[in-house]
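Comments concern the structure below.
Nothing in this text is a laboratory measurement; each read-out follows from the coordinates by a stated rule. Given the structure is predicted, the values throughout are model-derived calculations rather than measurements. In this analysis, Cβ positions are derived from the backbone assuming ideal geometry, glycine residues included, and neighbour counts consider all displayed protein chains.
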Amino acid sequence: MRARFVAGNWKMNGSLRANMGLLDALKAGLKKSENLEYAVCAPFPYLGQVSAALSGSAIAWGAQNISEHDAGAYTGEVSGAMLKEFGCRFAIVGHSERRALYGEDDARVAAKFIAAKHAGLTPILCVGETLEQRERGETDSVVGRQLDAVVAAAGAAALAGAVLAYEPVWAIGTGRNATPQQAQEVHVFARARLAARDKALAGLTILYGGSVKPGNAKDLFAMPDIDGGLIGGASLVAEDFIAICAAARR
Ligand code: 13P
């Protein structure tokens, strides 16, 4: 059985005080569970707080971005080694907001994926199409291109143990989630695309992200190729995130 995983992406939200309340509630509500992992991905300045608060808990944590470089004159950047040094497990790479707002192209996303692997972090690689691309029937070609870029740069074997997140851009923060069937179709496509390069990748954990809420999580996670979720807005509300995690439990 593939591992199930629910990760919260706080994006640029939070404060020391708000985080403490959220983390306390998550620790109380999320206990170690067989074959289900949880993580929260917080803004860089709060990672120390998150690390201390979650130490010894069932909840792992990650960063929302990572530099593609190891060290040097890269003002404003944070390296994988820095993250790893104080216990980071995951790094989101290729989130559509980074692709769209910060000009991260496929090559840069692939370089960040490699940097995360080199540092011993688990990349959460995000892929997904825009509404225009979906309406033009380009979903598979866009997602395929995004996956191929990472495979070409990192090698298929590097994807083993990574996490893939399908996040259709039109579903992010819009309240309009992909239907379970729409998400399932893309997950099947992505799994097959990767498995064609390396059979072991058929077992990759593939998350769905985009307006996942307590009310739609169960139907999404019931699909055979949806192994959990990458949760934005609802990850900031403890009871919603806990309910979404409960929906991922088999
Ligand atoms: P929302 O859950 O707010 O739609 O965000 C999804 C997302 O972008 C997670 O990375």
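By its C-alpha gyration tensor, with a ≥ b ≥ c as the square roots of the eigenvalues, how is the stretch 1-78 shaped: rounded for a/c under 1.5, else prolate for a/b larger than b/c, else oblate? Note, shape of the stretch 1-78 comes out oblate.
Highest mean first, what order results for 145-155, 227-237 on Cβ atoms within 10 Å?
Ranked by mean Cβ neighbours within 10 Å, highest first: 227-237, 145-155.
If the chain linking residue 136 and residue 100 were pulled fully straight, counting 0.36 nm for each residue of separation and taking away their Cα-Cα distance, it would gain 11.1 nm. Note on the stretch 5-248: the alpha carbon radius of gyration divided by the globular reference 2.2 N^0.38 Å gives 0.94. Each peptide in 35-44, 215-224 gets a packing score, the mean of other Cβ atoms within 10 Å over its residues, and the list from highest to lowest is 35-44, 215-224. Taking only the Cα atoms of the stretch 127-180, the radius of gyration and Dmax are 12.7, 36 Å. Only helices enter this figure: runs of n ≥ 4 DSSP H residues, each worth -39500 (n - 2.57), summed and divided by the residues of the chain, yield -12000 deg cm²/dmol at 222 nm to the nearest 500. Using R0 = 30 Å, the C-beta based FRET efficiency linking residue 25 and residue 160 works out to 0.30. Length gained on full extension, residue 74 to residue 33: 10.8 nm, using 0.36 nm per residue less the C-alpha separation. Of all DSSP bridge pairs formed entirely within the chain, close to 5 percent run antiparallel.
Over 20 Å between C-alpha atoms is what I'm after, so list which of 11/112; 84/112; 32/117 land there. Among 11/112; 84/112; 32/117, the Cα-Cα distance tops 20 Å for 32/117.
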